[in-house]
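This report refers to the structure that appears directly beneath it.
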Amino acid sequence: MKDTIEALFNLPAAELTEDAETTFSLFLDKLNAGEIRSAEPDATAPTGWRVNEWVKKGILLGFRIGAIESFGGQFFDKHTYPVKPMTLEDRVRVVPGGSSVRTGAYLAPGVVCMPPMYINVGAYVGEGTMVDSHALVGSCAQIGARVHLSAAAQIGGVLEPIGAMPVIIEDDVMVGGNCGVYEGTIVKRRAVLGSGVILTRSTPVYNVVTGEVHRATDELPLIIPEGAVVVAGSRAISSGPGQEWGLSLYTPVIVKIRDEKTDAKVQLEDFLR
């Protein structure tokens, strides 16, 4: 399938036949089942993750071959990307009230979706994760098991450029309300992002525990260490008019490493699942 997708992706749109749609349909089945992913764990990679470019190409192929059609009401989209088909056997709770999961996303058993929320194509959401109200899981974002995406959390998608790492949220991470994680940032397992934390490729993260400053490089994305507790902070402007005016800039700060006290504060109630 990888070779076929690669070949179809390189063809001009005019040369894509019904066979391309048949291949895409098989590709979409595997994406929906979580059998293929746009990124997956790789212990040999510096980040611990590997981008599967051919999977991203397959997702983009679906947009190229899709024609806009009506899905009822006021919904008009590419016919290759309807709402994800789901049944009771999937054991995923989607509470009524405006939530939507686009086909091509994988939701493991035990995922809880609170309305309204949105999960885009290519996303992977691990077992027992809660996607809370007004949360977004962007295209190709990879969300681990037992993650809590709190209300209004925004997990950015990175479908293009094809070779770019999507946003990765590993197992047992707590993402607080109104957080934003973008541009291929990787949040390692058991980290905690306090309410309002914004992480981008250009965001330096100050670690008062180790004295380090975590930044993205030309080769690597921003990586939040395992178990880090990150809160929204500020740092004073040290020169020019900003210093004269007493201004500060927003910056995320790692204030501690997750411990039992932290666990007690962020633990999800079992009865919600």
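The values are calculated or read from the model by the stated rules, or taken from the named source; none is laboratory data. On a predicted model such as this, the values are computed, not experimentally measured, just so you know. So basically every Cβ, Gly included, is an ideal-geometry build from the backbone, and we count neighbours across all protein chains shown.
Things worth noting here:
- So Asp19, is it surrounded by fewer than 12 Cβ atoms within 10 Å (Cβ to Cβ) and over 26 Å from Glu127 (Cα atoms): yes
- Of all residues in the stretch 159-173 being within 15 Å of Thr47 (Cβ to Cβ) and outside any strand (DSSP E or B), the one that is farthest from the chain's Cα centre (by Cα): Gly163
- Matching option when the condition is more than 22 Å from Gly122 (Cβ to Cβ) and of a type in the set (Val, Ile, Thr), among Val181, Val213: Val213
- Looking only at the stretch 179-221, and only at residues there that are more than 18 Å from the chain's Cα centre (by Cα) and among the acidic types (Asp, Glu), the one that is surrounded by the fewest Cβ atoms within 10 Å (Cβ to Cβ): Asp218
- Test: residue in the stretch 15-23 that is assigned to a loop (DSSP other than H, G, I, E, B) and under 30 Å from Glu219 (Cα atoms): no
- Among the residues of the stretch 61-99, those that are surrounded by fewer than 17 Cβ atoms within 10 Å (Cβ to Cβ), touching a Pro at 6+ places or on another chain (Cβ under 8 Å) and under 24 Å from Ala152 (Cβ atoms) comprise Val95, Pro96, Gly97, Gly98.
Each row is one residue, and each column tells you yes or no for (1) of a type in the set (A, V, I, L, M); (2) in contact with a Cys (Cβ under 8 Å, 6 or more places away or on another chain).
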{"residue": "Leu8", "(1), (2)": "yes, no"}
{"residue": "Leu11", "(1), (2)": "yes, no"}
{"residue": "Thr22", "(1), (2)": "no, no"}
{"residue": "Ser25", "(1), (2)": "no, no"}
{"residue": "Lys30", "(1), (2)": "no, no"}
{"residue": "Ala39", "(1), (2)": "yes, yes"}
{"residue": "Pro46", "(1), (2)": "no, no"}
{"residue": "Trp49", "(1), (2)": "no, no"}
{"residue": "Asn52", "(1), (2)": "no, no"}
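- Hits in the stretch 129-153 - residues which are crowded, with 21+ Cβ neighbours inside 10 Å, of a type in the set (A, V, I, L, M, F, W, C) and assigned to a loop (DSSP other than H, G, I, E, B): Ala135, Cys140, Ala141, Val147, Ala153
- Qualifying residue in the stretch 48-57 (condition: of a type in the set (Val, Ile, Thr) and assigned to a loop (DSSP other than H, G, I, E, B)): no
- Filtering the stretch 237-265 to residues that are farther than 19 Å from Val208 by Cα and surrounded by 13 or more Cβ atoms within 10 Å (Cβ to Cβ) leaves Gly242, Asp263.
- Some residue of the stretch 205-219 being modelled with pLDDT of 95 or more, under 19 Å from Glu170 (Cα atoms), out of contact with any strand residue (DSSP E or B) (no Cβ under 6 Å at 6 or more places or on another chain) and in a loop (DSSP other than H, G, I, E, B): yes
- Filtering Gly156, Gly176, Gly122, Gly126 for residues that are over 29 Å from Trp54 (Cβ atoms) and either crowded, with 19+ Cβ neighbours inside 10 Å or under 13 Å from the mean Cα position of the chain (by Cα) (or both) leaves a single hit, Gly176.
- Any chance Ile162 is touching a residue at least 60 places away in the same chain (Cβ under 8 Å) and either among the aliphatic types (A, V, I, L, M) or under 21 Å from Arg258 (Cβ atoms) (or both): yes
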